[in-house]
Each structure stands twice: as C-alpha cells, then as structure tokens.
Amino acid sequence: MKVASSLSDLRSTRLSLDGTVGLVPTMGYLHEGHLSLVRQAKAECDHVIVTIFVNPAQFGPNEDLSKYPRDLERDLSLLRPLGVDVVWTPSAEIMYPPGYQTWVEVEALTKGLEGAMRPGHFRGVTTVVSKLFNATQPHKAYFGQKDAQQAAVIRQMTRDLNFPIEIVVCPTQREVDGLAMSSRNKYLNEAERKAATVLFRALSAAKELYEAGERDAEKLRGRMKEVLASEPPAQMQYVSCADYDTLEELDMVKGKTLLSMAVFVGKTRLIDNFVLG
Ligand code: AMP
C-alpha cells in the first residue's frame, strides 16, 4: 500500500495503475462505514485509492474543524488488510494553495436540508471532490447513503461537469443498536451515546407508519418529531420527508422518498436517514 502525500507522488503512482480505479474519499478516523465503501470498491475495481483529507472548506466557522478526530496510523492499519493500493493524504496547502479562488457550486439541490443548516458546506464538498476526482482520475467513486444529500449533490455535479466517473452509493453501516456509524460518535459521552439511538428510533417509527399505509408526509415528520422529543438530551434541528431526487419537502409521499434529520445530542450534531419506496 503506497501512502502518498504530495501531488506529484500521487500522480506518478496513479500513472502506474493499469485497469479500473475506484476512489473512496474520506476525512479519516475510519470506521466500518468507510471500510464497507473500500470493500465494495475493491470488489468492483482493479485498484482502490483512498483519500484522507479533513477539508477545511466544508466546515463552518463554528463547526468542529480543529477538534475533528484524526489518527493516520490507525487509519492506515485498518486499510492495509483490505488490499488498498494507494492512500493519498494531501495537506491543506496542496488542496488550497495561497491565493486560492476557484469553487464548484451545485445550485438547487444544496439549498435545503444540510445546505440550509450549514451555509457553504456543499460548496466545500463539491470543490474538494472535484479536485480529488481530477487528481486521482477514478472510474468509479464510492460514497455513503449516510450522507444522502451529499451523495445526491455529487451525482448532480458529476453529471453537470461531465466527469467520466460512475458514482456508487453504499448502504449506511450501523452499530448493533441502530446508531449510524460516524467519526463524530467519538464525541458522545456514555449518556449521550445511549440517547443517540433516538435518530434510528424516530426513523424506524416513521417507516412503520409508512408501511402501515400512511402517505401524509406531515404525519411522518410529526412521528419523527414525537420520538425525538421523548429523548430530552436530543435537540432536533430539522426533520424532513422529501422527494429522493429533488430533495423538495413533500405533502404526500409517492415514489422514492428520503426521511432525514439532523439532531444535536449534547454538543454533537448527528444526521441520519432512511429511504422509503
Ligand atoms: P467522512 O469521512 O465522514 O467524510 O465520510 C467519508 C465517506 O464515508 C462518505 O461518503 C460518507 O457518506 C461515508 N460514510 C460515513 N459514515 C458511513 C456509514 N455509517 N455507512 C456508510 N458510509 C458512511
């Protein structure tokens, strides 16, 4: 497994790879969610490149950039047994050299949900992912359903900018009690960790209503709010029942639908979603 940090190192290694290349972009502090993307990439491509870069451009001024968990040695030891060919760990100076002024922005799809709560977040994501695509020239790129809006935005960007890359979205990996795996779960203390299952419980309760025949989107949102309110350490930021493709809020559910939410558990902001239909 080649570990590259400079762009020239990455480029010369990339040129030496024959056949198809799968890219798994991450911010590191890897868990089973990330590793599931790597395994899928490995199963579908001749070579796998994993990038580890905590992207300052996608963090807001009051977000957790400086305390975002990092442990490169641990990450590398998790990736080695999976047969990863290349790990690229660029510095912020490589990705955003002094005087940097070029940004990639997806419009309508980034207005709601996470985009509404985290101004500038998706501009940071689409810019860095474009740069990772350019640098690594993959045939396929792997993203998690856990970040549903991100996956939708990347798909749109890839189409709009004619990147010759197939976007593969992989299922959300969960702990046994349903909590979606996330590097940010590390911030939770014991009581918060317990309370954090409320996201999964709220989504499950709304799904149950849906499976019993409920199609009124407001009722599904209401059910999620009710379950979240039953767990006081959890403070809802939003719940949504939206069209899967446009991410617009629905009145009535028909076709593929995204139930999603952002919830503060203590100071930690968690997101999760289910797909219906
Ligand atoms: P991050 O390091 O949080 O930027 O995540 C890197 C990639 O892993 C993104 O495509 C995420 O959607 C994906 N990912 C994060 N958590 C999970 C999870 N629990 N299950 C599946 N994919 C995940």
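The values are calculated or read from the model by the stated rules, or taken from the named source; none is laboratory data. These numbers come from a predicted model, not from an experiment. Neighbour counts are summed over all protein chains in view; Cβ atoms, including those assigned to glycine, are modelled from backbone coordinates with ideal geometry.
Taking Ala262, is it small (Gly, Ala, Ser) and assigned to a strand (DSSP E or B)?
So Ala262 fits the description; yes.
For segment 179-212, enumerate the residues that are farther than 21 Å from Gln145 by Cα and among the basic types (Lys, Arg).
Arg193, Lys194 - these are the residues of segment 179-212 that are farther than 21 Å from Gln145 by Cα and among the basic types (Lys, Arg).
Which ones in segment 4-34 are crowded, with 16+ Cβ neighbours inside 10 Å and more than 9 Å from the ligand (Cβ to nearest atom)?
Within segment 4-34, Ala4, Leu10, Thr13, Arg14, Leu17, Val21, Gly22, Leu23 meet the criteria.
Are there any strands (runs of 3 or more DSSP E) wholly within segment 1-83 with 2 or more residues that are more than 25 Å from Val169 (Cβ to Cβ), and if so which?
Output list reads 2-4.
Mind listing whichever residues of segment 255-271 are in contact with a Gly (Cβ under 9 Å, 6 or more places away or on another chain) and either modelled with pLDDT under 95 or surrounded by 15 or more Cβ atoms within 10 Å (Cβ to Cβ) (or both)?
Thr257
Quickly run through segment 23-42 and pick out the residues that are in contact with a strand residue (DSSP E or B) (Cβ under 8 Å, 6 or more places away or on another chain) and among the hydroxyl-bearing types (Ser, Thr, Tyr).
Thr26, Ser36
Listed residues Val54, Val3, Val84; which is among the hydrophobic types (A, V, I, L, M, F, W, C), over 15 Å from His139 (Cα atoms), more than 21 Å from the chain's Cα centre (by Cα) and at pLDDT 95 or above?
Val3
Those residues that are among the hydrophobic types (A, V, I, L, M, F, W, C) and farther than 19 Å from Leu250 by Cβ, I need them from segment 184-227; list them, please.
Leu188, Ala191, Ala195, Ala196, Val198, Leu199, Phe200, Val227
In segment 249-262, what count of residues is obtained for those that are more than 16 Å from the chain's Cα centre (by Cα) and within 26 Å of Glu63 (Cβ to Cβ)?
Counting residues in segment 249-262 that are more than 16 Å from the chain's Cα centre (by Cα) and within 26 Å of Glu63 (Cβ to Cβ) gives 1.
Go through segment 127-168 and count every residue that is of a type in the set (S, T, N, Q), crowded, with 20+ Cβ neighbours inside 10 Å and within 12 Å of the chain's Cα centre (by Cα).
2
Kindly indicate whether any position in segment 17-32 is acidic (Asp, Glu) and either closer than 22 Å to Met181 by Cα or not assigned by TED's automatic domain parsing to the domain that holds Ile154 (or both).
Yes, the conditions are met somewhere in segment 17-32.
Looking at this structure, is Gln101 over 22 Å from Arg39 (Cα atoms), surrounded by fewer than 21 Cβ atoms within 10 Å (Cβ to Cβ) and in the same structural domain as Met27 (by TED's automatic domain parsing)?
yes
So in segment 42-58, with the set limited to residues that are more than 11 Å from the ligand (Cβ to nearest atom) and hydrophobic (A, V, I, L, M, F, W, C), which one is surrounded by the most Cβ atoms within 10 Å (Cβ to Cβ)?
If we take residues in segment 42-58 being more than 11 Å from the ligand (Cβ to nearest atom) and hydrophobic (A, V, I, L, M, F, W, C), then Val48 is surrounded by the most Cβ atoms within 10 Å (Cβ to Cβ).
Need at least 1 residues that are out of contact with any Leu (no Cβ under 8 Å at 6 or more places or on another chain) and either in the same structural domain as Val38 (by TED's automatic domain parsing) or within 13 Å of the ligand (Cβ to nearest atom) (or both) per element, so show me which helices (runs of 4 or more DSSP H) inside segment 118-237 make the cut, counting only ones lying wholly within it.
By residue number, 121-136, 148-160.
What's the number of the condition Val84 fails, among (1) of a type outside the set (D, E, K, R); (2) near the ligand (Cβ under 10 Å from one of its atoms); (3) touching a residue at least 60 places away in the same chain (Cβ under 8 Å)?
(2)
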